[in-house]
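Asks: One structure, as structure tokens, below. Some questions next.
The values are calculated or read from the model by the stated rules, or taken from the named source; none is laboratory data. Computed from a predicted structure; not experimentally measured. Because the Cβ atoms are built from the backbone with ideal geometry, glycine has one as well, and the counts that use them run over all protein chains shown. SASA here: full protein model, heavy atoms, side chains in, ligands and nucleic acids out. Shrake-Rupley method; radii C 1.70, N 1.55, O 1.52, S 1.80 Å.
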Amino acid sequence: MKVPDVLLKPILKKTGQAIADYKLIEDGDRILIGISGGKDSWALLKTLVMLQKKAPVHFELHAAKVDYPHTVEDNRIIEDACREILTDFMLIETDIEEIISQNINQNKSHCAFCARLRRGFLTTHAVKNGFNKIALGHHREDFNETLLMNLFFSGTLASMPVKYQIERHLVEVIRPLALTAEDDIKAYIQQSGLPVIHNRCKYADENQRAQMKTLIEMLSETYPGIKNSLMAAQTNILHSHLPIVK
């Protein structure tokens, strides 16, 4: 299905801005795109493929999905759709469910633990196959919600890095959708015809993030620019106006 240009422009613009501002993609990069089957990873894949055709530098794009938590049928649907967009695709087999069941800690987020495991398998695949970058589909709201979660529940002033180097590996994680609004992604994906596979993981426990999302949406009704302000605050840090750690 052809998506109207008006739905593509804000995503392409913000992704291009993030790539330029944070120097996320350079000539000769071999980029592994993490595909989950959710709306964000589909938007990331489509956007990077589109930008690749117009980019002034040459870079490779490959896609991979960690085989969890979806069914065999779901994985096949994701693979078929992915191969229509980008020929190179790999389904990475894992034993994540067994690892989680053997290491359940009632005091920690199973969802966060699973996410770390999936990133670990993705990193291993990247290292073994010579990729120097991994692209993940976190958008502006993910950054804002993480910021508030850390403030409210951990007492730390922290969010997510737009890019970071994985220790012990020559692999860098990049988040090209960092400046992209989730609403723009939703509007695009709804008209794209892409098969969005919803999370069916029995360990999902995103209550805190859902609370932060609701809070931000409530505040947005009174302060329409708050989402952009929260994102801007994560780079406009006035160290002189914060308590000094001794």
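Asks: Could you list all residues from the range 212-225 that are more than 14 Å from Glu182 (Cα to Cα), in a helix (DSSP H, G or I) and without any contact (Cβ under 8 Å) to a residue 12 or more places away in the chain?
Replies: Met218, Leu219, Glu221, Thr222
Asks: For the range 226-246, give me each residue that is part of a helix (DSSP H, G or I) and either open to solvent by 90 Å² or more (accessible area, probe 1.4 Å) or among the charged types (D, E, K, R) (or both). Explain how you work it out, then say what you get.
Replies: Within the range 226-246, the first condition is being part of a helix (DSSP H, G or I), and the residues that meet it are 226-233, 239-241.
Listed by number, the residues that qualify are Lys227, Asn228, His239, Ser240, His241.
Asks: Can Ile197 be described as modelled with pLDDT of 95 or more, crowded, with 17+ Cβ neighbours inside 10 Å and closer than 27 Å to Ala81 by Cα?
Replies: Judged against the criteria, Ile197 is not a match.
Asks: Which is under 17 Å from the mean Cα position of the chain (by Cα) and open to solvent by less than 50 Å² (accessible area, probe 1.4 Å), of Thr94, Thr123?
Replies: On inspection, the qualifying residue turns out to be Thr123.
Asks: Report the residue count in the range 49-65 for those that are open to solvent by less than 40 Å² (accessible area, probe 1.4 Å) and under 16 Å from Phe131 (Cα atoms).
Replies: 6
Asks: Moving on. Filtering the range 137-157 down to residues that are outside any helix (DSSP H, G or I) and modelled with pLDDT under 95, which residue is farthest from Leu122 (Cα to Cα)? I'd like the intermediate steps shown before the answer.
Replies: Looking only at the range 137-157, we keep the residues that are outside any helix (DSSP H, G or I), and these are 137-139, 155-157.
Filter once more, keeping what is modelled with pLDDT under 95: 155-157.
Details: Gly155: 30, Thr156: 28, Leu157: 28 Å.
Filtering first and then ranking leaves Gly155.
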